[in-house]
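The values are calculated or read from the model by the stated rules, or taken from the named source; none is laboratory data. Here the structure is a predicted model, which means the values were calculated and not measured. Glycine gets a Cβ as well: all are built from the backbone with ideal geometry, and neighbour counts include every protein chain shown. Keep in mind that these areas ignore ligands, DNA and RNA; they rest on the heavy atoms of the full protein, side chains included. Shrake-Rupley method; radii C 1.70, N 1.55, O 1.52, S 1.80 Å.
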Amino acid sequence: DSVTTTLNYDLQLQAYDALGSYDGAVVVMEPETGRILAMVSKPDFDPNTIADDWDTFVSDDSDSSVLLNRATQGLYPPGSTFKILTAMEYMRENPSFDKYRYECSGSDTFGGNVIRCYNGEQHGTVDLKSSLAHSCNGSFAHIGVGLNRKSYRKLCEAFGFNSSLGVKFVSSRSRFVLDEKSDTAEAAQTAIGQGKTTITPLQNALISATIANDGVMMTPYLVDHTESVDGHVVKKYEP
């Protein structure tokens with residue numbers, strides 16, 4: 001049998017070339033279906049020579065991570081992309097969110113921990129929309145310390161944190177650990193995508209795709225269909 005993937009060859013090649021010699025990952029997904037159109041992880045390896053290279057990859061003194069699919073298994077701080085979820089939780093808790101205001105002076109202190117905006121930029125008076133547009137760390141840290149921890153966690157888990165994505169390939173669970181016992185400093189860090197929160201690139205793409213798909217989260221998939229040797233479709237995978 002042969003396998004036909006959902007990958008778009010041209011898009012996959014562009015993503016591969018764009019990443020160049022950097023370590024990292026690229027994921028491109030079709031929001032309305034969950035079809036993965038491109039998935040790149042570097043450093044990578046040549047599958048044609050994997051048998052010859054295997055001992056080098058798995059040796060005790062090797063620091064190579066070529067066997068790790070960073071796109072689905074790598075766990076990283078989400079950074080400012082996480083402010084999407086922080087903003088959403090604030091909107092749910094505060095129906096009059098359009099009245100939100102914060103005075104950004106470039107830095108602020110929360111629980112003894114100083115939070116600075118990128119390059120120390122001072123955004124002045126911001127509302128919720130401009131806080132997101134400017135990616136204002138101070139504003140989102142301010143929002144984060146006042147959120148209901150249980151509700152915040154529930155929202156993040158609805159977007160796939162702390163659970164399996166239900167995909168047919170190996171993937172890591174993204175982690176959201178903030179709770180009632182966490183201190184103010186950790187709440188501020190969490191709200192801007194730092195602290196102990198970790199996410200896979202695939203999960204981050206999935207969150208954006210859910211918003212693009214009017215709030216409907218699709219299950220990501222990589223195989224379009226399988227064919228028999230005589231060209232007949234054995235199984236077709238649907239969204």
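What number does the chain give for Rg over Rh if you use C-alpha atoms and the Kirkwood radius? My calculation puts Rg/Rh at 1.04. Only DSSP H runs of four or more residues enter the estimate; each adds -39500 (n - 2.57), and after division by the residues of the chain the mean residue ellipticity at 222 nm equals -9500 deg cm²/dmol. Counting only lysines at least 8 places from LYS150 when in the same chain, those with an alpha carbon closer than 18 Å to its own are LYS83, LYS181, LYS196. The HN-Hα couplings worked out from phi for the range 84-98 by the Karplus form 6.51 cos²θ - 1.76 cosθ + 1.60 (θ = phi - 60°) are 4, 6, 4, 5, 5, 5, 4, 5, 5, 7, 10, x, 9, 4, 5 Hz, whole numbers, x standing for Gly and Pro.
You can think of it this way: the chain between SER228 and THR4 has 79.5 nm of extra reach, that is 0.36 nm per residue less the Cα-Cα gap. The distance linking the range 197-214 with the range 130-185 is 12 Å (Cα centroid to Cα centroid, whole angstrom). Pairs of Cα atoms nearer than 8 Å and 6+ residues apart set the relative contact order; for the range 1-77 it is 27 percent. In the chain, taking the dipole from charged Cβ atoms about the Cα centre, the farthest positive-side position among SER65, GLY112, CYS156 is held by GLY112.
The residues of the chain expose on average 55 square angstrom of accessible surface per residue, using a 1.4 Å probe on protein heavy atoms. In sequence order, the range 183-195 has phi-based couplings of 7, 4, 4, 5, 4, 5, 5, 4, 4, 9, x, 10, x Hz under the Karplus curve 6.51 cos²θ - 1.76 cosθ + 1.60, θ = phi - 60°, and Gly or Pro positions carry x. Would you mind telling me the share, in percent, of accessible area of the chain contributed by carbon and sulfur at probe 1.4 angstrom? It is 50 percent, rounded to a whole number. Considering only LEU206, ALA187, LEU222, and ranking their Cα positions along the charge dipole of the range 108-239 that arises from unit charges at the beta-carbon of Lys, Arg, Asp and Glu, the one farthest toward the positive end is ALA187.
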